[in-house]
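*Asks:* There's a structure below that I have some questions on.
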Amino acid sequence: MEKILTDLVQNVKENIPGYIAISVAEIASGESLASDSADSNFDPALACAYNVEIINAKRKAIDILGLKENLNDIHFKLDNHIHVVDMSPSGEYFIYLAVDSNRANLALTRTMLKKYKAELNEVL
């Protein structure tokens, strides 16, 4: 699985416009399995730990509303960033990706991430 994670990080870094950072993390612990950042001040592993709280809150809201739905992804548009939290099919892991919103757009970012995460989804 290490090679799959390394390939994912490399492909995202090289091919998604506006790349800032990526991390793949386990939801149960918030622990990052792999991470990388183009900005030394931006810690994607730390961001993952906080995003676990958001994922759990959204899952609780879905449950309380009685929705029979799975959480697939969450995205946030900040002033200068787009942050995407993309769930694995098992719901046990997620990919956190941050891009520069001046150089990227949400549709292209999600499409490219889907392309590069396909192999990882098979093992997670």
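*Asks:* Which chymotrypsin sites (Phe, Trp or Tyr not before Pro) does segment 2-68 hold that lie in a coil by DSSP with at most 13 other beta carbons within 10 Å? Walk me through the numbers before you get to the answer.
*Replies:* Numbers: sites: Tyr19, Phe42, Tyr50; in loops: Phe42.
When the chymotrypsin sites (Phe, Trp or Tyr not before Pro) of segment 2-68 are filtered for loop state and at most 13 Cβ neighbours within 10 Å, Phe42 remain.
*Asks:* Which longest run of the chain has no exposed loop site in it, a site being trypsin sites (Lys or Arg not before Pro) in a DSSP loop with at most 16 other beta carbons within 10 Å, and the site itself not part of the run?
*Replies:* Numbers: sites that count: Lys68, Arg103.
Here the longest segment lacking exposed loop sites spans 1-67.
*Asks:* Could you pull the Cα extents of the chain along its three principal axes, largest to smallest, in whole Å?
*Replies:* The Cα atoms of the chain stretch 40, 35, 25 Å along the principal axes, largest first.
*Asks:* Moving to a separate point now. Rank Asn11, Asn102, Asn41 by mean-square fluctuation in a GNM of the chain with C-alpha springs under 10 angstrom and give only the top-ranked residue.
*Replies:* Largest GNM mean-square fluctuation: Asn41.
*Asks:* What are the aspartates and glutamates whose alpha-carbon lies under 12 Å from the alpha-carbon of Lys117, with same-chain residues fewer than 8 places away excluded?
*Replies:* Asp7, Asp86
Taken together, the values in this text are just the output of simple stated rules run on the coordinates, not laboratory data. Remember, predicted model here, so these are calculated numbers, not experimental data. Please note: Cβ atoms are built from the backbone with ideal geometry, for glycine as well, and neighbour counts cover all protein chains shown.
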